[in-house]
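None of the figures in this text is laboratory data; all of them are computed from the coordinates on show. Source: prediction; values computed, not measured. A quick note on method: Cβ atoms are made from the backbone with ideal geometry, for glycine too, and the neighbour counts reach across all protein chains shown.
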Amino acid sequence: MRRLRPIVCSLLTVGALASGAALNAAPLAFVTNQGPDNVTVLDLESGKTLATIAVGKDPAGVAWDARHRQIFISNPSAGSVSVIAADRPDKAHSFATGQSPLGIATDPIRDQLYVADFYSRRVDIFSTRDFTRRGHFTLGNAPSGLAVTPDGHWLAVANRDDDNLALIDLRTGQHAAEIAVGGHPFGVTIAPDGNTLFTANVTSNDVSVVDLVARREVRRIPVGEAPYASALDVKRGRLFVTNQQGSTVSVISPLTGETLATVNVGDYPEGIQYSVTRDRIYVASWFDNALYEINPESFKLERTMACGDGSRAFGSFIAE
Amino acid sequence: MRPLYSPRDVPALAEEFCMLRRFALALCCVLPLAATAHGPSRQKVEQEITIKAPAAKVWALVADFCAIEKWHPAIAKCEGTGGNDVGAARTLHVGAADGPVIKEELLIHDPGKMMYKYKITETDVKILPVATYAAFLTVSDSGDGSSKVVWKSAFYRSWGKANPPADQSDEAAINAVTGTLEAGLANLKKLAEK
């Protein structure tokens with residue numbers, strides 16, 4: 001347990017640096033709407049809907065590509081990914097993937113997109129320039145959430161049905177480790193220092209805190225019913241976790257395992273993200289078709305922005 | 001600035017962590033067959049009905065977890081344990097007393113809000129091809145002597161792999177749930193307006 005201290009201290013330092021480098025433009029949220037097969041584009045300053053863009057069937061995952069200022073959307077029932085230009089969000093271009101793309105993430109240092117194929121035990125690699133397929137990694141059962149460390153060294157993938165986290169070395173393309181976590185890990189969040197990772201474990205109702213250097217789970221923190229994904233408030237070092245069946249967001253301290261608050265939101269909260277620019281937490285409610293804004297200091301739900309039917313926003317859905 | 005953590009908490013936290021792990025391991029051994037594999041897209045069905053009867057009267061008809069055998073036309077018999085406590089169970093016999101069985105568990109029972117939430121713990125895919133199903137049943141006062149009942153459910157299709165057969169597709173699951181909710185609410189209206 002002792003080694004957790006330096007890890008989380010550096011986590012907070014890197015977070016503070018990141019927040020100083022924020023862009024001037026208003027951050028935008030790209031919320032996937034499963035029912036109408038589209039994406040709601042929200043200006044997070046004004047709270048206004050800027051556009052609604054048609055994508056593929058049952059859109060779910062979102063990945064912000066800061067290198068090319070574009071947003072990728074996974075369409076699990078269409079076997080495709082759609083891409084939207086963040087500075088001109090008026091239409092989407094789609095390209096074919098495997099049969100069930102769900103979790104999706106971009107590489108911070110390479111022109112690459114990683115797409116977890118839920119039924120195929122695979123993560124496909126696509127170019128973020130011309131969207132061609134570059135290869136794939138073989139994963140475990142039901143690969144779900146995924147994330148890349150900020151230095152571009154490691155790709156972490158939750159093998160949901162294997163209750164573990166796979167670690168792939170992106171420099172060598174080798175499968176480096178499988179780390180046992182809680183029951184059915186789904187969403188994956190990596191701290192800005194790249195050393196600490198969190199999985200939301202759907203069936204064990206907890207969050208695993210994983211030390212990526214030691215390659216082991218160092219803590220298990222209980223949260224609400226059927227946790228789905230998490231977001232790290234990098235300013236304060238607190239983790240916000242959506243509880244699908246609890247209709248709540250748990251606010252926990254990864255350091256002490258303490259629950260600081262339980263925030264009531266709409267039913268089936270799914271995607272969640274912290275905006276550095278806004279210093280707010282954003283949560284999509286799948287049943288209530290909305291994006292909520294939570295104040296990370298007071299834990300108050302401050303704003304509700306209407307989205308389409310079945311809002312999911314699974315992944316990094318804020319362009320900033 | 002507050003300290004990031006207090007060193008004296010560490011042994012206690014470590015112990016708590018180990019206990020949690022043992023507990024989790026024990027649970028895994030007890031519940032090996034929980035069906036949790038499912039596809040990537042959860043589905044929802046929400047039905048509501050306006051009833052010309054006060055909310056308190058309607059709630060009285062549905063409040064007991066096992067009262068569903070009295071107001072839902074498809075449920076021939078309900079065997080319940082645990083009353084209306086969280087964790088209470090009901091076994092529903094569909095169509096006839098010896099018909100197919102669906103087992104459910106009570107998650108929330110809130111008479112103040114006239115709402116309960118439950119989940120399906122065991123289904124028969126021939127009649128209800130769903131997985132990880134949970135639903136809320138809520139009665140609200142419309143203010144003019146009438147009431148509104150909302151039944152909202154979320155679930156995955158029962159087929160946990162790609163390419164489902166037609167009778168276990170998303171559409172089949174949605175149709176089965178829609179039919180179940182509609183039939184229940186229509187009959188509840190009939191009973192309450194008598």
(request) Mind checking the full-extension length gain between A:Q174 and A:E297? Use 0.36 nm per residue of separation minus the Cα-Cα distance, one decimal, nm. (result) 40.2 nm
(request) Give the residues of the range A:214-241 whose amide nitrogen is closer than 18 Å to a point set 7 Å from the Cα of A:D279 in the direction of its Cβ. (result) A:232-240
(message) If a paramagnetic tag sat 7 Å from the Cα of B:E193 along the Cα-Cβ line, which residues of the range B:116-153 would have the backbone N under 13 Å from that point?
(response) B:146-149
(message) Ratio of alpha-carbon Rg to the 2.2 N^0.38 Å globular estimate for the protein assembly as shown, to two decimals, please.
(response) 0.98
(message) Net charge within 14 Å of B:G145 by Cβ-Cβ distance, Lys/Arg positive one each and Asp/Glu negative one each, not counting B:G145 itself?
(response) 0
(request) Quick one: compute the contact order of the range B:32-168, relative version, from alpha carbon pairs under 8 angstrom and 6+ residues apart, as a percent. (result) 29
(request) Send over the per residue convex hull volume for the range A:190-320, Cα only, as a whole number of Å³. (result) 95
(message) Per residue of the range B:183-190, what does 6.51 cos²θ - 1.76 cosθ + 1.60 with θ = phi - 60° give for ³J(HN,Hα)? Whole Hz please, x for Gly and Pro, Karplus curve as stated.
(response) 5, x, 5, 4, 6, 4, 4, 4
(message) If you filter the range A:116-149 for trypsin sites (Lys or Arg not before Pro), then keep DSSP loop positions with at most 14 other Cβ within 10 Å, what is left?
(response) A:R129
(request) For a footprinting-style exposure proxy, rank A:T97, A:T138, A:T262 by other Cβ within 10 Å, fewest first. (result) A:T138, A:T262, A:T97
(message) Check which residues have an amide H placed less than 5 Å from A:R216's amide H, if you skip close sequence neighbours.
(response) A:D211
(request) Would you work out which of A:F287, A:Y274, A:L301 lies farthest towards the positive end of the dipole of the range A:234-312? Charges go on Cβ: Lys and Arg +1, Asp and Glu -1. (result) A:Y274
(message) Quick check on the exposure proxy: order B:S142, A:S46, B:S158 from fewest to most C-beta atoms within 10 angstrom.
(response) A:S46, B:S142, B:S158
(message) Quick query: amide H of B:T121 versus all other amide H atoms, modeled in the peptide plane; which residues come in under 5 Å with a sequence gap of 5 or more or a different chain?
(response) B:K103, B:E104, B:E105
(message) Can you give me the orientation-averaged projected area of the convex hull built on the Cα atoms of the range A:216-262, in nm²?
(response) 3.3
(request) Compute the separation of the alpha-carbon centres of the range B:117-137 and the range A:130-174 and state it in Å as a whole number. (result) 33
(request) Give, as a single signed number, the net charge of other residues whose beta carbon lies under 12 Å from the beta carbon of A:T242, with Lys and Arg counted +1 and Asp and Glu -1. (result) -2
(request) Taking H placed 1.01 Å from N in the peptide plane, check which residues at least 5 places from A:A226 or on another chain put their amide H under 5 Å from its amide H. (result) A:N205, A:Q245
(request) Take every Cα pair under 8 Å in chain A that's 6+ residues apart, average their separations, divide by the length, and report that relative contact order as a whole percent. (result) 15
(request) For a footprinting-style exposure proxy, rank A:C307, B:C66, B:C78 by other Cβ within 10 Å, fewest first. (result) B:C78, B:C66, A:C307
(request) Rounded to the nearest 0.05, what FRET efficiency do B:K103 and A:F95 give with R0 = 45 Å and r taken as the Cβ-Cβ distance? Could you check? (result) 0.55
(message) Need one number: nm distance between label points at B:N175 and A:A26, each 7 Å from Cα along Cα→Cβ, rounded to one decimal.
(response) 4.5
(message) Spelling out what I want: for every residue of the range A:252-264, take phi, set θ = phi - 60°, compute 6.51 cos²θ - 1.76 cosθ + 1.60 (Karplus), and round to whole Hz; glycine and proline get x.
(response) 10, 9, x, 6, 9, x, 6, 8, 8, 6, 10, 9, 6
(message) For the pair B:A162/B:T91, report the inter-label distance in nm, with labels modelled 7 Å from Cα in the Cβ direction.
(response) 4.0
(message) Please list, by residue number, every one of the chymotrypsin sites (Phe, Trp or Tyr not before Pro) in the range B:52-115 that is coil in DSSP and has at most 14 other beta-carbon atoms within 10 Å.
(response) none
(message) 7 Å from Cα along Cα→Cβ at both A:T256 and A:H68: what's the point-to-point distance in nm?
(response) 4.5
(request) With θ set to phi - 60°, apply the Karplus curve 6.51 cos²θ - 1.76 cosθ + 1.60 along the range A:197-207 and write out the HN-Hα couplings as whole Hz, x wherever there is a Gly or Pro. (result) 10, 10, 10, 8, 9, 4, 8, 9, 6, 8, 10
(request) Would you compute, for the Cα atoms of the range A:51-179, the largest minus smallest coordinate along each principal axis and list the three values in descending order, in whole Å? (result) 41, 29, 21
